Amino acid sequence: MDRLLAIMAKLRDPDGGCPWDLKQDFASIVPHTLEEAYEVADAIERGDWEGLPGELGDLLFQVVFYAQLGKEKHWFDFEEVARRISDKLERRHPHVFTDAQIPETELKANWEATKSAERADKGEHSLLDDIPRGMPALTRSVKIQKRVATVGFDWDSLGPVVDKVHEEVDEVLEEAHQVVVDQEKLTEEVGDLLFAVTNLARHLKVNPEQALRRANDKFERRFRGVEALAGESGRELDAHTLEQLEAYWQQVKGRE
């Protein structure tokens, strides 16, 4: 860790450091942080245990970079970052780090109560105050839904959740079939549908972000198969009819 922190300091040293690293600031690093987090997730989903340490190192480097920027501005350093997460983990796990006896059935409620107190200390009074707007939309939807569920604002069975999905589909189609389609309204209705489907996934204990990634991968794999079959025909892809392409699709799907 000391070696990594020293490397980071050297990269940011105005006297002989790296020109690219010297140009960066907090905002410019954010896209790289998100990219590295996705690469960690991708390695785990592919079961790339050999490559995972490297991906985790790339992600750790992002934290070290932010810490170096904070140190240069005399705001915080890596030690402060580590201290704060250590304090938080101990505070949220009194059953592990203190003599507090908390039944397992009450651990979740205690966790939420602790988080609520932390939000209040920061002047955040809504349950939703600390949910980042920059999160991927599906992930943020789940976060919002889980948060409000802690106070009972949630259906307790699957039926109403499914009914809501059907209701939102009907509202999307109703708007789409207007003589003059209000695109803004249609976007709102599609958003409601996506939110309802995300809620369905949550009730089924399925991570919607992960599920959609898998669906993307499956579609991509099958479409590449369609491209290969079209290539074997000697004709360009766009020279085929939709029916012919669908036949290729079913052929690829059948092979799987």
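Build a GNM of the chain with springs between Cα atoms under 10 Å apart, and of 147, 91, 224 the one that fluctuates most is 224. Determine the shape class of segment 183-233: with a ≥ b ≥ c the square roots of the Cα gyration tensor eigenvalues, call it rounded for a/c under 1.5, and otherwise prolate if a/b is greater than b/c, oblate otherwise. Oblate shape, in that a/c is at least 1.5 and b/c is the bigger or equal ratio. Per the 1.4 Å probe, what fraction of the accessible area of the chain, in percent, lies on carbon and sulfur atoms? The value for the chain is 56 percent carbon and sulfur by accessible area. Stokes-Einstein diffusion of segment 9-148 at 37 °C, 0.692 mPa s viscosity, Kirkwood radius from Cα pairs, rounded to a whole number: 180 µm²/s. A crude spin-label estimate for the pair residue 173 and residue 5, with each label 7 Å from Cα along the Cβ direction, gives 6.1 nm. Accessible surface computed residue by residue for the chain, with neighbouring protein chains in place and a 1.4 Å probe, gives 69 Å² per residue. Close Lys pairs in segment 74-195 (alpha-carbon distance under 20 Å; sequence gap of 8 or more, or different chains): 12.
Taking a 1.4 Å probe, which of 171, 189 shows the most accessible area, and what order do the others take after it?
Numbers: 171 60, 189 15 Å².
Largest accessible area first, the list is 171, 189.
In deg cm²/dmol and to the nearest 500, what is the mean residue ellipticity at 222 nm of the chain if only DSSP H runs of at least 4 residues count, each as -39500 (n - 2.57), divided by the residue total?
-23500 deg cm²/dmol, from helical runs alone.
Phi angles of segment 173-183 translate, via the Karplus equation with coefficients 6.51, -1.76, 1.60 and θ = phi - 60°, into HN-Hα couplings of 5, 4, 5, 5, 9, 5, 4, 10, 7, 7, 4 Hz per residue; Gly and Pro are given as x. For segment 50-200, a crude dipole built from +1 on the beta carbon of Lys and Arg and -1 on the beta carbon of Asp and Glu, taken about the Cα centre, is about 820 debye to the nearest 20.
Ranked by solvent-accessible area (1.4 Å probe, protein heavy atoms only, all chains present), the residues 246, 236 order from largest to smallest as 236, 246.
Computed with every protein chain present, the accessible area of residue 63 is close to 60 Å² [probe 1.4 Å]. Rg and Dmax of the chain, based on Cα coordinates, read 24.7, 74 Å. Give me the one-decimal nm value for the distance between modelled label points at residue 163 and residue 27, 7 Å along each residue's Cα-to-Cβ direction. Between residue 163 and residue 27, the label points sit 4.8 nm apart. Considering only C-alpha atoms, what is the centroid distance from segment 97-139 to segment 30-44, in Å? For segment 97-139 versus segment 30-44, the Cα centre distance is 25 Å. Considering the options 44, 116, 56, tell which one lies farthest towards the positive end of the dipole of segment 1-159, charges being +1 on Lys and Arg and -1 on Asp and Glu at the Cβ, about the Cα centre. Positive-end residue among those listed: 116.
Charging the Cβ of each Asp and Glu at -1 and of each Lys and Arg at +1, and nothing else, the dipole of the chain about its Cα centre rounds to 720 debye. Of the residues 212, 22, 186, the one whose Cα sits farthest toward the positive end of the charge dipole of the chain, with +1 on the Cβ of Lys and Arg and -1 on the Cβ of Asp and Glu, is 22.
In this structure residue 93 has an accessible area near 50 Å², from a 1.4 Å probe over the protein heavy atoms. Accessible surface for residue 233 stands near 50 Å², nearest 10, in the context of the full protein assembly shown (1.4 Å probe). Computed from phi, the 3J(HN,Hα) profile of segment 89-95 under the Karplus parametrisation 6.51, -1.76, 1.60 (θ = phi - 60°) reads 4, 5, 5, 7, 10, x, 6 Hz, with x in place of Gly and Pro. P(r) tail, segment 148-208: Cα-Cα pairs separated by more than 17 Å, 45% of all pairs.
The values are calculated or read from the model by the stated rules, or taken from the named source; none is laboratory data. Keep in mind it's a predicted model, so treat the numbers as computed, not measured. As a convention, Cβ positions derive from the backbone with ideal geometry for all residues, glycine included, and neighbour counts pool all protein chains shown. Heads up: the accessible areas ignore ligands, DNA and RNA and are worked out on the full protein's heavy atoms, side chains in. Shrake-Rupley method; radii C 1.70, N 1.55, O 1.52, S 1.80 Å.
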